[in-house]
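Let me begin by presenting the structure, written as C-alpha cells, before commenting on it.
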Amino acid sequence: MNKKMTRNSVPSRKGIKIPSSSGKITKDMTFAELMMDDEKIAERLFEKGLFCGGCPMAQFETIEQGAQAHGMDVAKLVDELNSENKK
C-alpha cells in the first residue's frame, strides 16, 4: 500500500505518524522526517556542520545517531533546533 506523504503527517521508521503541527523535534526522529516536516531545517543543520540533506543515511539515521556520529551533544542539538523552531 503506497500512501501519499503530506506535510501534515510523516510516517516514521516505526510506522508512527509524527504530526508537523506538534512542532517538537525529538532525538528519535530521522533526518528525513525532520526535513520533510521543516523545509528550512537542512540549512540550519548545515550551519551546525551536519550535511544531512545530501546524505543517503538521512532516510534511516535518527538525529541522535547522526549527532553521535559527528561528536555532537544530542540533547544540546535537539534543544537548539527546538528553540530555533519557535522563532
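When ILE18 is tested against (1) in contact with a strand residue (DSSP E or B) (Cβ under 6 Å, 6 or more places away or on another chain); (2) modelled with pLDDT of 90 or more, only condition (2) is not met.
Scanning the stretch 26-59 for residues that are assigned to a loop (DSSP other than H, G, I, E, B) and at pLDDT below 90 yields ASP38, GLU39, LYS40, LYS48, GLY49, LEU50, PHE51, CYS55. Among the residues of the stretch 71-87, those that are at pLDDT 90 or above and either part of a loop (DSSP other than H, G, I, E, B) or farther than 17 Å from ASP28 by Cα (or both) comprise GLY71, MET72, ASP73. Scanning the stretch 30-59 for residues that are in contact with a helix residue (DSSP H, G or I) (Cβ under 6 Å, 6 or more places away or on another chain) and surrounded by fewer than 15 Cβ atoms within 10 Å (Cβ to Cβ) yields GLY53, GLN59.
The values are calculated or read from the model by the stated rules, or taken from the named source; none is laboratory data. Keep in mind that this is a model prediction, so the values were computed, not measured. Positions of Cβ are backbone-derived with ideal geometry, glycine not excepted, and every protein chain shown enters the neighbour counts.
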